[in-house]
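One structure is given here, and the rest of the page talks about it.
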2 protein chains.
Amino acid sequence: MKFDMNKALQILERTPQVVEVLLKDLDEEWIINNEGADTWSPYNVVGHFVIAEKTNWIPRIKAITGDNSNKKFPPFDRFGMFEDSKGKSLGDLIEEFKRLRMQNILELQNIVTNESVLDQTGIHPEFGEVTLRQLLSTWVVHDFTHLSQIIRVMAKQYKEATGPWAAYLSVVQ
Amino acid sequence: MKFDMNKALQILERTPQVVEVLLKDLDEEWIINNEGADTWSPYNVVGHFVIAEKTNWIPRIKAITGDNSNKKFPPFDRFGMFEDSKGKSLGDLIEEFKRLRMQNILELQNIVTNESVLDQTGIHPEFGEVTLRQLLSTWVVHDFTHLSQIIRVMAKQYKEATGPWAAYLSVVQ
């Protein structure tokens, strides 16, 4: 598929709702268990979604489309949620994610007023020039990446419990 | 985590809702594209969920817990949706999945009236004796497996569109 603004928005709009239906009111064991040392729990992943809404997507979009001649992306701390989530329940984080995502989509729609804006470029610190179209595609795939991570982390909690089936279930490998 | 009936039901109950929020009203390209020859689209995966509700889980549970001395699992055609889904829209399949899953959970709750039922065993055609506890754990992980598949298939549609980011996004590899 080629990038298409409406088809991308269909995904970006629903991700917070998917997270909510997937995780709301689950037993804490599903929420706080992870895949081992230095891995993220579903709770951590939702915190990562929140911090990315705050400090990653819109600042990068503005670096590309803003008047500033400096097109370099500002730094993003992808572990920022370990500080930012402190004292927040999963429910708090989901509400925050829903609110921020809605705001950010409105902001995005105000910025992308015509197709040519999508061709504008910024400078990624590691791989150089990228277009807004590539950044927005990545926003969509980033949503899928971390939804997939939440599901994999939960699946692995039941790996042992499936007994001989574990060998046939790719998600727990 | 050890298998726990209530924690397992928390997942089994919500999977059809997760599928609905994830896929409802999406552009057809998100729904019918797959990962290449002989792979499944999100539409196919929802059909697979439906056929498994009809012919896999409850028949296997009954093979384990029924009076019949034959504890062998009946055959399950995991490609059965290619026939069963014919003429059905994605919305039809989601509604069918919701309805069947609700019925099957009620049936499961009528069967598992105490903890000892979970120790009963049946015979899997490939790896022999398995407990009801292992089968129900597998039902949960099977839900996660195919939710994860739906998300991966959608993510891959935007692999090219992300440009240089693709190399950093594990879900599209």
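The values are calculated or read from the model by the stated rules, or taken from the named source; none is laboratory data. Because the structure is a prediction, the values reported are computed rather than measured. Positions of Cβ are backbone-derived with ideal geometry, glycine not excepted, and every protein chain shown enters the neighbour counts. We work out accessible area using only protein heavy atoms, side chains counted, and drop any ligands, DNA or RNA first. Shrake-Rupley method; radii C 1.70, N 1.55, O 1.52, S 1.80 Å.
Tabulated data
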read-out	value
Looking only at region A:136-151, and only at residues there that are open to solvent by less than 10 Å² (accessible area, probe 1.4 Å) and more than 8 Å from chain B (Cβ to nearest Cβ), the one that is farthest from B:Ile151 (Cα to Cα)	A:Leu136
Test result for A:Val117, farther than 18 Å from B:Lys159 by Cα, more than 7 Å from every other protein chain (Cβ to nearest Cβ), β-branched (Val, Ile, Thr) and touching a residue at least 60 places away in the same chain (Cβ under 8 Å)	no
In region B:1-45, the residues that are farther than 18 Å from B:Arg152 by Cβ, open to solvent by less than 60 Å² (accessible area, probe 1.4 Å) and not in a loop (DSSP other than H, G, I, E, B)	B:Met5, B:Lys7, B:Ala8, B:Leu9, B:Gln10, B:Ile11, B:Leu12, B:Arg14, B:Pro16, B:Glu20
Count of residues meeting criterion [in contact (Cβ under 8 Å) with a residue 12 or more places away in the chain and open to solvent by 20 Å² or more (accessible area, probe 1.4 Å)] in region B:120-133	6
Counted residues, region A:131-170 - those being part of a helix (DSSP H, G or I) and under 22 Å from B:Asn6 (Cα atoms)	14
Filtered residues of region B:34-89 (kept if of a type in the set (Phe, Trp, Tyr) and closer than 16 Å to B:His146 by Cβ)	B:Trp40, B:Tyr43, B:Phe49, B:Trp57, B:Phe76, B:Phe79, B:Phe82
Verdict on A:Ser170 being open to solvent by 30 Å² or more (accessible area, probe 1.4 Å), closer than 17 Å to B:Leu147 by Cα and facing chain B (nearest Cβ under 8 Å)	yes
A:Ser41 vs. criteria at negative phi, in contact with a helix residue (DSSP H, G or I) (Cβ under 7 Å, 6 or more places away or on another chain) and within 14 Å of chain B (Cβ to nearest Cβ)	yes
Check on A:Phe76, assigned to a loop (DSSP other than H, G, I, E, B), out of contact with any Asp or Glu (no Cβ under 7 Å at 6 or more places or on another chain) and within 12 Å of another protein chain (Cβ to nearest Cβ)	no
Hits in region B:152-167 - residues which are more than 7 Å from chain A (Cβ to nearest Cβ) and free of Cβ contacts under 8 Å to residues at least 40 places away in the same chain	B:Lys159, B:Glu160, B:Ala166, B:Ala167
